[in-house]
Amino acid sequence: MTFLFFSIAGGGFILRGIVNQYTGWGYNSWILFAIATLVYAIPYTFMVIEFSSIRKLADSESGYQTWLNLVLGRKFGFIGGFFYFYVNIFFFVDLLPNVITYFLYTIFGDGPYVAELTGESWFKPIISVVSIAIFWVATWVSMKGPKWLSRILSSAGYAGFGLTILFIIAAAYTLMTGTITFEGQPVIPQFIEEIDLSWSRIASMSWALQSLGGLEALAAYKRNIQGGERNFRIGVLLNVFIFSTIMIIASIMVAMVLPAEEAASLGLLSAIYAVFQQLGFPVWWTNVIALFMLITTFCGSLMLWTAAPVKMLFVDAPKGIFGDKLSEVNHEGTPVNALKMQGALVSVIMILFMLGQFSAEMNTILVAVKNLNGGAATLPVLFLVAGYIKLRWDSENPDYERDFYFLGKGRFWALLAVMPIVIIFTAATVTALVPSPESWNANFMGSLIQLILGPMSIVAVFIYCSIIFNRWRTKNPNDTSYFNVVAQTP
């Protein structure tokens, strides 16, 4: 249960994502989380539960790709599964530099010094090299399988969740017993301000959407979870309800503690520390917060997302499409060689991205990778929504027999419920992946690299997947399977 609870929909230390969103959306960030919960998290959760209840796929090992195989056909299922794996690589490009900066804050606890250090040109190659080394450590742990992952994720989740709750309690107590000031002036929040729908603001919507995502990934470990389908459903429903509530409450409290303009000027790395300092926490508490973020980011998010997408792709990819070596799994269903291949690919992309952003400030780099990550992360959701629309449109198909229907067996209400996801995700995907005109003027080379790694690489991946699938189908015209059976250990 804790493996589920602390691995999806934001993970343990959700305050980090809330403060990050606050630096971009300011006082309106709580509205963004509320809308994301209503129009995305809730219907998406029930979509995942409905897909996972399809009886024909009860013995599937991975979930996501198998659902698409059945509903959209094997070719688009394979392409969707490959994208789930591929776009997740951008998540590592976003996550790994943060791990290093959290470590620096843990050691030094001096915001200005760390900001100056990470801004030095000579330090950026070090960030790349250390990021790559950290990822290979995470890859090694992921090879150990779900038992290792569940222990690490649960510990990291408890730690990060505890720090988020500590902030909420401290903020509530401080607000009830006195007035919070900034530079001698009372903090007076605006809970609603004029909404700026500029290119960069729409792009940053993907950050909030991503912080509520990941539910489909846990289907890859449903068979490893004691209690199976029942505990899977309980876990995802509890997770979305509790985390969404906490996100909205915490985002309101952040607005009451730190002025939005100050958070924007501090940037993604420093605002989280300023929030605690506003509540009277001592300066050395920066070291503690950074340590918590280091633990939860490395032992939580990084470990899970290193393993799950690889498993979801290579376990249920058409047998033989990647050759015997990449598809080979150990006794727990973990594709070890595929994890090594992913490590090599992440290493190359980390180097390319850092070279492209070499002249940019650290916060500019972090915003660029968060856009690239957030925009790419929406693509698998769009694939799944397309599959769900087909599932509900042809609901009487005997192959789709299942024991759960979101909003009843009729088409209208279920399809209406997912339409906002299509509209919002499409807008967020385009603006996040394609650099804004301002970005091109400010950093042409960095924007070009972002365009190559984002939209252009995505088109190339689609073409690549189509070619290798067509070759596989020519060699295997009679293969009508939807997933590959993997033996489970007792």
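Brief remarks follow.
- Relative packing of 17-29, 33-45, which averages over residues the other C-beta atoms within 10 Å, highest first: 17-29, 33-45
- Accessible area of segment 402-469 belonging to carbon and sulfur atoms, whole % at 1.4 Å probe: 78
- Volume of the convex hull of segment 16-64 (Cα atoms only), normalised per residue: 84 Å³.
- Relative packing of peptides 443-453, 93-103, 320-330 - highest average C-beta neighbours within 10 Å first: 93-103, 443-453, 320-330
The values are calculated or read from the model by the stated rules, or taken from the named source; none is laboratory data. Just so it is clear, the model here is predicted, and its values are computed rather than measured. Cβ atoms come from the backbone with ideal geometry, glycine included; neighbour counts cover every protein chain shown. Ligands, DNA and RNA are excluded from the accessible area calculation, which covers all protein heavy atoms including side chains. Shrake-Rupley method; radii C 1.70, N 1.55, O 1.52, S 1.80 Å.
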